[in-house]
Amino acid sequence: MSVVGPVCHIPPVAPTTLQPKPHNMPSVPPATPDLQSLVHTVNILRTIIINMQNTRKAVWRETGRVTEMVRVFNPTDHTQYVDVERINRLTMADQVTGQVWEWNRNRAAGL
C-alpha cells in the first residue's frame, strides 16, 4: 500500500491569461511552394534567431507577493489537516525592459 500526501481537490476557477508576451517578435510570411519564397522565409527566420541571440534576455524578478495560510482537512477525518501557504497575488518585473506581469488568484465565494 502506498502512502500519498494530501491533495487539494479545489480546481482553479479560471485559466491564467495574463502571461508575459514575447518582446518585439516580427511576423514571418508563410512560404509558398517555390524556391524563392522558401529562401526568403528561411532568411527571415535566420535573421530573427540571430537578433534574439544578440539581444539581452529578459531578467524577471519577483517584486511582490501576497499570501494567506489555508488549512486543508482530510475529507474523511477532520482531525487530520495540513497548513498551506497559498499565493493570492504575484508580481514580477523584467529588469531589462521594465515590463510588469501580475497574477491574481480568482477566488470563488467561500473558498
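The values are calculated or read from the model by the stated rules, or taken from the named source; none is laboratory data. On a predicted model such as this, the values are computed, not experimentally measured, just so you know. For neighbour counting, all protein chains shown are included, and Cβ atoms are generated from backbone atoms with ideal geometry for every residue, glycine included.
Looking only at residues that are loosely packed, with under 11 Cβ neighbours inside 10 Å and among the hydrophobic types (A, V, I, L, M, F, W, C) in the range 50-89, which one is modelled with the highest pLDDT?
Among those residues, the one meeting the criterion is M69.
Of all residues in the range 57-84, how many are in a strand (DSSP E or B) and over 30 Å from V100 (Cα atoms)?
Taking the range 57-84 and keeping what is in a strand (DSSP E or B), we get 60-74, 77-84.
Cutting the leftovers down to over 30 Å from V100 (Cα atoms) gives us 71-74, 77-83.
Number of matching residues: 11.
So which of T41, T47, T32 is among the β-branched types (V, I, T), at pLDDT 80 or above and part of a loop (DSSP other than H, G, I, E, B)?
Details: T41 fails: part of a loop (DSSP other than H, G, I, E, B); T47 fails: part of a loop (DSSP other than H, G, I, E, B).
Answer to the check: T32.
Give me the residue from the range 71-94 that is within 23 Å of the chain's Cα centre (by Cα) and among the hydrophobic types (A, V, I, L, M, F, W, C) and, out of that set, nearest to N104 (Cα to Cα). Outline the logic, then answer.
So in the range 71-94, the residues within 23 Å of the chain's Cα centre (by Cα) come out as 84-94.
If we keep only those that are among the hydrophobic types (A, V, I, L, M, F, W, C) too, we end up with 84, 87, 90, 92-93.
On the way: V84: 18, I87: 9, L90: 7, M92: 12, A93: 15 Å.
Looking at residues that are within 23 Å of the chain's Cα centre (by Cα) and among the hydrophobic types (A, V, I, L, M, F, W, C), I get L90.
Would you confirm whether any residue within the range 10-22 is small (G, A, S) and either in contact with a helix residue (DSSP H, G or I) (Cβ under 9 Å, 6 or more places away or on another chain) or at pLDDT 70 or above (or both)? Full working, then the answer.
Filtering the range 10-22 down to residues small (G, A, S) leaves 14.
Now narrow it down to the ones that are either in contact with a helix residue (DSSP H, G or I) (Cβ under 9 Å, 6 or more places away or on another chain) or at pLDDT 70 or above (or both): none.
There is no residue in the range 10-22 that is small (G, A, S) and either in contact with a helix residue (DSSP H, G or I) (Cβ under 9 Å, 6 or more places away or on another chain) or at pLDDT 70 or above (or both).
Hey, among D94, D83, which residue is of a type outside the set (A, V, I, L, M) and more than 23 Å from P6 (Cβ to Cβ)? Break it down stepwise before answering.
Numbers: D83 fails: more than 23 Å from P6 (Cβ to Cβ).
None of the others qualify; the one that does is D94.
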